[in-house]
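Report on one structure; see the data block that follows.
Laboratory data are not the source of any read-out in this text; all were calculated from the coordinates shown. Since the model is a prediction, treat every value here as computed from it, not as a measurement. Positions of Cβ are backbone-derived with ideal geometry, glycine not excepted, and every protein chain shown enters the neighbour counts.
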Protein chains: 2
Amino acid sequence: MYEKKMPKSFACGMAIIMEIIGGKWKSYLVYLINKGVRRPSELQRAVPSASRRVLDLQLRELEFHGIIKRVIYHELPPKVEYFLTEFGESLLPVVAAMDKWGNEYQSVFEQLMEKKQD
Amino acid sequence: MYEKKMPKSFACGMAIIMEIIGGKWKSYLVYLINKGVRRPSELQRAVPSASRRVLDLQLRELEFHGIIKRVIYHELPPKVEYFLTEFGESLLPVVAAMDKWGNEYQSVFEQLMEKKQD
DNA sequence: TTTAATAGGGACAAAATTATCCCTAATCCC
DNA sequence: GGGATTAGGGATAATTTTGTCCCTATTAAA
């Protein structure tokens, strides 16, 4: 977690949820973990365009915020699994609504951009 | 709008909606405009902690993405008003859901942090 | 006549986020 | 032995986002 120099103001719920899932891959991580992709290495393979480092950092933050739980198996080679907390699950419908809107937006946006060509 | 060096991948709806309302004040601007705060100077007064420049930039982006419409009155002193487009209005329930979750999260998060004190 | 209000651009600085590269340590496979 | 796999830390660089400061031009009010 990085240290922030500007004080964060959580005046409204938006600022809060953005803090939680605003990271580039966070919502996707939540989605994948919910789908059963639990181990760090699996997650990395599932999102090859994300750097391993950033995925790790974002997983740490999700854990810190109580969205996911990290379970460490004391084996070798190391084994770790992530699970959504009950609280993390409460995020699913919201994320789904966002994703749905985004998908619908895509075509509308393309239409808008076509018009601007005229 | 800044030039981006990394190609953006809009693989999922989340990436898209984040592009639209991911900016620090964007969702709040949408909220305020919907509430009837229309003129740039009013918006600046409504969000005094945001710099004028950034509000302007984010308004431009919202306009570019077809969420709001800028209406210029050719008067002096200049007068400009922003309105949600029909499409921008479709965003309202999603933003409301996010805000709601965020507000509920706040107390849960505070409880979680207390536990970590032990 | 100076000051405030109006809407915003340009240049640049600061901060935050994301990406790259190298490192540990154990075990299994060839 | 050499290499792959496992999970992840440290240092640092690149990129993106946000913030600061100064500027234009017009009208009305003090």
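With label points defined 7 Å past Cα in the direction of Cβ, position A:Arg60 shows copy-to-copy spacings of 3.5 nm, given to one decimal and shortest first.
About the centre of its Cα atoms, the protein assembly as shown shows a dipole size close to 660 debye [charges on the beta carbon of Lys, Arg (+1) and Asp, Glu (-1) only; nearest 20 debye]. Closest approach of any chain A Cβ to the axis that rotates A onto B belongs to A:Ala97, 3, distance given in whole Å.
Every Cα-Cα pair in the protein assembly as shown was counted, and those over 33 Å apart are 24% of them. Partner shielding of B:18-28 amounts to 4, given as the average count of beta-carbon atoms from other chains within 10 Å of each residue beta-carbon. Relative to its Kirkwood radius, the Cα radius of gyration of chain B gives an Rg/Rh of 1.06. Take every Cα pair under 8 Å whose residues are at least 6 apart in sequence, average their separation, divide by the length of chain A, and the relative contact order is 22 percent.
Residue by residue along B:56-62, Cβ atoms of other protein chains within 10 Å of the local Cβ number 0 on average. Here B:Pro77 yields copy-to-copy label distances, from shortest upward, of 6.6 nm, the label point defined as 7 Å from Cα along Cα to C-beta. Summarising the label geometry, the points placed 7 Å from Cα in the beta-carbon direction at A:Ser107 and A:Asn34 lie 2.3 nm from one another.
Let me check I've understood the local charge: for B:Glu75, count other residues with C-beta under 13 angstrom from its C-beta, Lys and Arg +1, Asp and Glu -1. What total comes out? Spelling it out: positives minus negatives among the neighbours equals +1.
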